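Presented below is the structure to which this report refers.
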Amino acid sequence: MTGALHVIGAGISGLATAITAAQAGLPVTLYEAAAQAGGRCRTIATGDGFVHDNGTHALLTANTRALAFLEEIGARAGWIEPEPGGIPVLDLRSGRLARVGLSPWSWIDPAKRPAGLRLTDLLRLARLALPLRDRPVAAAFPQSSLLEGFVEPLTVAVLNTPVATASTRRLGYVVRRVAWPGSARLLVARHGLTEDLVAPALRRLRALSAEIVTNARLRGLVRTGNRVAGLAFADGIIDLGEGDRVALALPPWEAGRLLPSLAVPRQTEAILNVHYRTPGASAPRLVGLRGARTQWVLARSDHTSVTISASKSVIDPPDPRVAGGLWPEVRAALQAIGIAAPETAPPARVVMEKRATVRHAVGDSLGFPPTGLVNLDLAGDWGGPLPATIEASVRAGEAAARLACWQRSNAALDWPARAKEAISWSR
Ligand SMILES: Cc1cc2nc3c(=O)[nH]c(=O)nc-3n(C[C@H](O)[C@H](O)[C@H](O)COP(=O)(O)OP(=O)(O)OC[C@H]3O[C@@H](n4cnc5c(N)ncnc54)[C@H](O)[C@@H]3O)c2cc1C
């Protein structure tokens, strides 16, 4: 019996699983289907020299486990606050640029309030934090200017789901967290996701003597009764020892392929990103747009990235001329924060992540489904109560690793000792 942990998938959840388990002393092997780790949270570098992230990834200071993970891998300093004075939001209809605070506490300063904020809106927002009946976010804010000016952009950004279907219960988890003073500061990677997140995580794993195997797609699980007995890859089967465990840190559609009876969420939402090759700001700058199809613009030193979340409801079917069509909005946003931008659209790359995240609709499940396999755990961004984000990925990874450690230490105990252990836990 080796008590090794085999982690499948080197996205953020798999990296968090592997690092947490390796730190606890478990022998860990991490398998990744692609040539590069990071999953959806990666930097894309193609042959033409244009390097950009797979979509702008932001963290909030409320994302405590994600920030602790960054500390652990020595990468916290790489995440910076691009707009410490509040997020600039340009309303294209009026041409007005305002700085909006993400935290309700920042609204004590009238200059940082969302436009048209009223006391009734604040009460509706506070109700979201209570464990009340789940319903669509739009239905919780009837005739409220806060919906258009704050709640809708927040919902679409963090739940990647249109407000007509998004769950108030799920949004409530976010509202409760950002309500703490200091929790709603928005951070982005200074250079990019690979440099400021994935590469440091891989370095940490290597320092912990974990094995990392890329270009290794798990094709199937070999089962014996209620256990996983082997892992089937293209070049053969890896047999598992009696005490070995498996953590599937995969998106739900892939976990569902490997375990067809698993009740995984089936509904997903897309995110559209357009990356323009244009000189931008010396340090990252972020602008939000209202009255536009573009939602967020992130200017970096050598390119500008546009994000449209829940994008099927904004641009459907995907339009090949989208980069040129969006450019006047992007240009206006850049100019509003003092960044020069050419009149004609610069060369651009359009990246449509059709299954960017699961859809967080009313009534969706808040936990991972049971697998029925005693030595297999699930991780990934989709199984917890938080929205499918880096924070959810890290939390799920840490939980899967803790379970593996717990199982390993308890497998060594005989039954009377286990019973004694259980009684001491219950006290
Ligand atoms: C465009 C975009 C913008 C986003 N913006 C934000 C944001 O601003 N803030 C935020 O917190 N989150 C954001 N997210 C969400 C965030 O990227 C995800 O929640 C997170 O990356 C999910 O990590 P994961 O490890 O659970 O899954 P994945 O990243 O999907 O990782 C799974 C890994 O498993 C590998 N794999 C798949 N099948 C197999 C197999 N059979 N065998 C071996 N390996 C396999 C995949 O190649 C992949 O590397 C965004 C996502 C997208 C797409």
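The values are calculated or read from the model by the stated rules, or taken from the named source; none is laboratory data. Being a predicted model, the structure only gives us computed values, none of them experimental. When we count neighbours, we look across all protein chains shown, and the Cβ atoms used for this are built from the backbone with ideal geometry, even at glycine. Quick note on the areas: whole protein, heavy atoms, side chains included, nothing else; ligands and nucleic acids left out. Shrake-Rupley method; radii C 1.70, N 1.55, O 1.52, S 1.80 Å.
At a glance:
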| quantity | calculated |
| --- | --- |
| Net length gained if the chain between Val222 and Leu122 were fully extended (0.36 nm per residue, minus Cα distance) | 30.6 nm |
| Global geometry of region 161-228, whether rounded, prolate or oblate, following the gyration tensor of its Cα atoms and the 1.5 cut on a/c | oblate |
| Listed residues Ile8, Leu154, Ala35: farthest to the positive end of the dipole of the chain (Cβ charges) | Leu154 |
| Coil-residue GluC sites (Glu not before Pro) of region 293-354, DSSP, other Cβ within 10 Å capped at 10 | Glu343 |
| Per-residue ³J(HN,Hα) for region 220-232, Karplus 6.51 cos²θ - 1.76 cosθ + 1.60, θ = phi - 60°, Hz, x for Gly and Pro | x, 9, 8, 10, 10, x, 9, 10, 8, 9, x, 10, 9 |
| Ellipsoid semi-axes in whole angstrom, largest first, where each is sqrt(5λ) of the Cα gyration tensor of the chain | 39, 25, 19 |
| Heavy atoms of Arg177 accessible to a 1.4 Å probe, total area in Å² rounded to 10 | 80 |
| Order by protection proxy (mean Cβ within 10 Å, highest first), peptides 199-207, 220-228 | 199-207, 220-228 |
| Long-range amide H partners of Val100 with built H, under 5 Å | Ile87, Val89 |
| Degrees between helix 390-411 axis and first principal axis of the chain (Cα, 0 to 90, nearest 10) | 10 |
| Rounded to the nearest 20 debye, dipole of the chain from Cβ charges on Lys, Arg, Asp, Glu | 900 |
| Accessible surface, per residue, of the chain when the full set of protein chains is kept, probe 1.4 Å, Å² | 45 |
| Cα principal axis extents for region 71-115, largest first, Å | 44, 24, 11 |
| Mean residue ellipticity (222 nm) of the chain, computed from DSSP H runs ≥ 4 via -39,500 (n - 2.57), nearest 500 | -8500 deg cm²/dmol |
| For region 1-146: span of alpha carbons on each principal axis (Å, largest first) | 62, 46, 28 |
| Potential extension, Ser261-Arg293 segment - 0.36 nm per residue separation minus Cα distance | 7.6 nm |
| Low-density loop positions, trypsin sites (Lys or Arg not before Pro), region 299-369 - DSSP coil, at most 13 other Cβ in 10 Å | Arg321 |
